[in-house]
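*Asks:* Dumping the structure here so I can ask a few things about it.
The values are calculated or read from the model by the stated rules, or taken from the named source; none is laboratory data. The structure presented is a predicted model; accordingly, all values stated were derived computationally and were not measured. Please note: Cβ atoms are built from the backbone with ideal geometry, for glycine as well, and neighbour counts cover all protein chains shown.
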Amino acid sequence: MSQTTTRPGICRICSAHCGVLATVTDGTLTKVTGDPDNPMFKGYTCAKGRALPDIHNNPRRLLHSQKRGADGSYTAIEAGRAMDEIATKLQSLIDTHGPRSVALYLGTNGLPYPASALMANAFIRAIESPMFFTANTIDQPGKQIALAAHGHWLGGDIDFHEADSWMLIGTNPLVSKAIGIPGQNPGQGLRAAISRGMQLIVIDPRRSQTAARAAIHIQPRPGEDVAIVAGMINLIIREKLCDRAFLDENVEGFDALAEAVSGFTPEYVAQRADIPVEQLVDAARLFATHGTRPGMVNAGTGANFAMHGNLLEYLCLCLTTICGRWQRAGERVVRPNTLMPAFTAKAQPHPPYEGWGYGERLRVRGLTDTVSGMPTAALADEILLPGEGQVKALICVGGNPMAAWPDQRKTLRALQSLDLLVTLDTEMSLTSRLADYVIAPMMQMETPAMTMGSELIKYYASGTGIPAAYAQYVPRLLDPPPGSDLTEEWQFFLGLAGRMGLDLWFVNFFGGGGGRFMESAPIVLNMNGDTDLTTEELFAQMCSTSRIPFDEVASHPHGKIFDVDAVVAPRDPDCTARLDVGNGYLLTELAQFMAEDFASARTESGFPFRLIPRRHNNFMNSSGTNLAALNRGRPYNPVYMHPDAMAALGLPDGSLVTVTSPHDSIPSVVEGDDSLRRDVVAMHHAFGGLPAEDDEVRERGSNVGRLVPTDVDYDPITGMPRQGNIPVRVTRAELTVAIAGHAVSQPEAFTPGPGS
């Protein structure tokens, strides 16, 4: 007789950590829905979460670890034996080339698993290698750089659910579930906010799902977000709309900021960004004055990809600060910690601190370690560059460099040249197809889960994390498939440590800067090679200093919003710290930005369009793109283009095209989208096959990262290259005529006219 159970679970596809109900029939995950009894999510989940049964039961799923043979083929290998061999190879490389020869990359799929991420970090520190890289420095590293330059407000953020206005730049949280609108049912949260009178401002070259709900949607040329924010700051200062009392008590550098933005007049910004001047003025005034509880400003991936991400994030903080948009004494702490330790929020600044130029120095482009982490865009160079310090081995956990890193061809050369490439992967992804060993891990419902990862992410940036004293823990909901040989990612690193005679000090590295601005002490556990430790025991140790006892959280299977009386404490009487809105380095970058010849840059010969990134509701980067339940018959990433631009090029909807940047070209399928400016095209990130598989574009999509060089336009602090606002042309793909034996000629590229 069939046996079916339905129990509460936690989706860990992204950092939102939605509370779900998981149905298991005869040991197989058969259904996932939202949990109506979860007090935070109230039945909400997204398409990705509902597809968890398809993800778990994917016929491509690896049930045994794989080892690459001399002929390039893969055979199953027992996980323990794989660890034996990997540990031996790593030790040999360390003995011969030093610890720096081993690097580790943590991708976005690793972050929702705090035990895996922190154990991976503990391992790389135990072998004394500085080469720990994450997806952060190829996404939005400017957030941590800006916070280091500006300082932190220890009272924390304003609650989106209580604010009368908010501004979002280059982000679409209704799809991404991140930044600005809390990820716990963002659609419902935005509807409720607008119904009570919130005025939303969105700056985006595309009329995204979020922009369509805005009171003001500014649709600029890509790459001009810095000019727009500087223009708003200038207008707010000129019209004396700043919070003067807050500035006098808490801020330095105001005069330097005022001087730096003085040239960004509404007329100049409107011309530069190609937006109506009245719209810019209205948006600045609305943000500065609307309502009794004005809100904050957040920038997202789209804006950060376009270069000057550090500067943009810094100006966003400056705008927030000159308007006094932080929680004050006596107000509720929005994110008070639950599974993390309790802390005292105070209505005072934490001063700026060193954010870059320290620690490990890379061998290329003068890059160093930073508060946002090591520069991932330089890792391929560190692998390819011969000499002392060359990276010989790479371990990837929760990431897919061949899909996610910029300059795909260089990445391919780098990964193929390694002495040892190890991935922890649920299937043979693009990167795993190049690996020497692929370790098959357990999946979500086969491991216990807790929401600590969603709490931790608030240390990454303002506008993220859980806006309540909410927590949930759930046990394992099903066993791994019969006959499988699976391990958990964190246990893999513990297994390596035991074989290599290492002690792992398990330190919470979230928060950047070595914990310099965390409100509580980091978690430190000496693992002492204890390979018998269970995940449940590890979670309990990780939460040993939590605000709410771990056992108490576990006693509420549907999760709970706990009654935590956390309010912002008054300023310390002897506090002299100040936030800095006049950072010399970043304001010098602003002057350089203003001096750029933006007019000629817009009309770069032969590249009339600007390519911007676009989130997909059904995929978390490269995960799930081959699942029918998620791709719905479209496993590729189109190049979206305004229909008028398509008509000018004579491109039928759905036709094959070539997208060319100054660096490289990729095939794609063109689709009309009138939400875009006519001079802008958009594509989803992390699709495509290997470069030799371009003929499978309709089955795999195409890799946007191939259009991006890592050593031309890049940030001098984080090394992040220009990954948005990419100059491109779009042409009809060459068609070989079999009878005539020649290629059809390509039409001329569309050249946007004034005001397009």
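*Asks:* Among the residues in region 141-152, are any in a loop (DSSP other than H, G, I, E, B), within 20 Å of the chain's Cα centre (by Cα) and under 25 Å from Arg578 (Cα atoms)?
*Replies:* So the first thing to find is which residues in region 141-152 are in a loop (DSSP other than H, G, I, E, B), and the list is 141, 151.
Restricting the remaining residues to those that are within 20 Å of the chain's Cα centre (by Cα) gives 141.
Applying the additional criterion that residues be under 25 Å from Arg578 (Cα atoms) yields 141.
For region 141-152, residues in a loop (DSSP other than H, G, I, E, B), within 20 Å of the chain's Cα centre (by Cα) and under 25 Å from Arg578 (Cα atoms): present.
*Asks:* Here is a follow-up. Looking at region 170-201, which of the residues that are basic (Lys, Arg) and not in a helix (DSSP H, G or I) is farthest from Val229 (Cα to Cα)?
*Replies:* Residues of region 170-201 basic (Lys, Arg): 177, 191, 196.
Checking which are not in a helix (DSSP H, G or I) leaves us with 177, 196.
Details: Lys177: 23, Arg196: 26 Å.
The residue in question is Arg196.
*Asks:* If only one of Thr368, Thr320, Thr344 is crowded, with 23+ Cβ neighbours inside 10 Å and of a type in the set (Val, Ile, Thr), which one is it?
*Replies:* Only one candidate qualifies: Thr320.
*Asks:* When region 388-431 is examined, which residues are found to be farther than 25 Å from Gly80 by Cβ and surrounded by fewer than 19 Cβ atoms within 10 Å (Cβ to Cβ)?
*Replies:* Glu388, Gly389, Gln390, Arg409, Arg413, Gln416, Ser417 - these are the residues of region 388-431 that are farther than 25 Å from Gly80 by Cβ and surrounded by fewer than 19 Cβ atoms within 10 Å (Cβ to Cβ).
*Asks:* Could you tell me whether region 39-60 includes any residue that is in a helix (DSSP H, G or I), modelled with pLDDT of 90 or more and charged (D, E, K, R)?
*Replies:* For region 39-60, residues in a helix (DSSP H, G or I), modelled with pLDDT of 90 or more and charged (D, E, K, R): present.
*Asks:* Assess whether Phe539 counts as being outside any loop (DSSP other than H, G, I, E, B), under 27 Å from Val371 (Cβ atoms) and either at pLDDT below 95 or not assigned by TED's automatic domain parsing to the domain that holds Ala256 (or both). Before the answer, list the steps.
*Replies:* On the way: outside any loop (DSSP other than H, G, I, E, B): yes; under 27 Å from Val371 (Cβ atoms): no; either at pLDDT below 95 or not assigned by TED's automatic domain parsing to the domain that holds Ala256 (or both): yes.
It is false that Phe539 is outside any loop (DSSP other than H, G, I, E, B), under 27 Å from Val371 (Cβ atoms) and either at pLDDT below 95 or not assigned by TED's automatic domain parsing to the domain that holds Ala256 (or both).
*Asks:* So which residues in region 717-734 are among the charged types (D, E, K, R) and buried (at least 19 other Cβ atoms within 10 Å of the Cβ)?
*Replies:* Those that are among the charged types (D, E, K, R) and buried (at least 19 other Cβ atoms within 10 Å of the Cβ): Arg722, Arg729.
*Asks:* Part of a loop (DSSP other than H, G, I, E, B), at positive phi and under 26 Å from the mean Cα position of the chain (by Cα): does that describe Met307? First the steps, then the outcome.
*Replies:* Details: part of a loop (DSSP other than H, G, I, E, B): yes; at positive phi: yes; under 26 Å from the mean Cα position of the chain (by Cα): yes.
Yes, satisfied.
*Asks:* So Gly529 fits all but one of (1) at pLDDT below 75; (2) small (Gly, Ala, Ser); (3) within 29 Å of Glu313 (Cβ to Cβ); what number is the exception?
*Replies:* For Gly529, the exception is condition (3).
*Asks:* For region 153-199, enumerate the residues that are surrounded by fewer than 24 Cβ atoms within 10 Å (Cβ to Cβ), over 12 Å from Met296 (Cβ atoms) and touching a His at 6+ places or on another chain (Cβ under 8 Å).
*Replies:* Within region 153-199, Leu154, Val175, Gly189, Ala192, Ala193, Gln199 meet the criteria.
*Asks:* Condition (residue is buried (at least 24 other Cβ atoms within 10 Å of the Cβ), in contact with a strand residue (DSSP E or B) (Cβ under 9 Å, 6 or more places away or on another chain) and within 24 Å of Pro608 (Cβ to Cβ)) applied to region 708-716: is it met by at least one residue?
*Replies:* yes
*Asks:* For Asn121, work out the one condition from (1) assigned to a helix (DSSP H, G or I); (2) farther than 28 Å from Cys11 by Cβ; (3) not hydrophobic (A, V, I, L, M, F, W, C) it doesn't fulfil.
*Replies:* (2)
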